[in-house]
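What follows is one structure encoded as structure tokens, with my remarks underneath.
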Amino acid sequence: MADRDEHAGALRVGDTSYGSSTKPYSLIPAGLIALSVIPVVAGTARLLDIAGRAEITEANARFVTAPLPVVPHILAVTIYCVVGAFQFLPGLRRSKPRWHRDAGRVLVPFGLLAALTGLWMTQFYRRSIPASCAISSAWQWAPPW
């Protein structure tokens, strides 16, 4: 019994002996990309508004007048969401480890850029609460955090 593998009963990533196939793993990136569709489409619409010199309204004034953090935030989030979803494919990690490693190295700066620009907008953009909101008057006096 000394030559027995100590990890013989352990399940490994991509092991098909427990399930019938590896198809559930392919649903992970599909689900993550599906969750990213609405923010990516909304971000693209916002970029088109900024690039097309949209009419300044109360709802978009903060983005149109100061687009510096918005543009890199939208681009970084889009790249991070789409490329990052494929990091969860065990088959891709196994068959193309260099791609997985290089994509991870690219995703770290994009994730940091998305987070830092998001924090920037949270701290320095004025909140836009519709006047019809029941708590709008109380919200004006709330601290910015």
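The values are calculated or read from the model by the stated rules, or taken from the named source; none is laboratory data. In this text, all values refer to a predicted model and were calculated from it rather than measured experimentally. As a convention, Cβ positions derive from the backbone with ideal geometry for all residues, glycine included, and neighbour counts pool all protein chains shown.
I'm told Val64 meets every condition in (1) closer than 21 Å to Arg126 by Cα; (2) assigned to a helix (DSSP H, G or I); (3) touching a residue at least 24 places away in the same chain (Cβ under 8 Å); (4) not aromatic (Phe, Trp, Tyr) except one. Can you identify the failing condition by its number?
So the condition that Val64 fails would be (3).
Among Val70, Val40, which is surrounded by 12 or more Cβ atoms within 10 Å (Cβ to Cβ), among the hydrophobic types (A, V, I, L, M, F, W, C), at pLDDT 90 or above and over 28 Å from Tyr25 (Cα atoms)?
Only one candidate passes the filter, namely Val70.
Name the residue that is surrounded by the most Cβ atoms within 10 Å (Cβ to Cβ), counting only residues in segment 43-67 that are within 23 Å of Leu119 (Cβ to Cβ) and small (Gly, Ala, Ser).
This residue is Gly43.
For residues that are acidic (Asp, Glu) and surrounded by fewer than 11 Cβ atoms within 10 Å (Cβ to Cβ), scanning just segment 1-37, find the one that is modelled with the highest pLDDT.
In this case the residue turns out to be Glu6.
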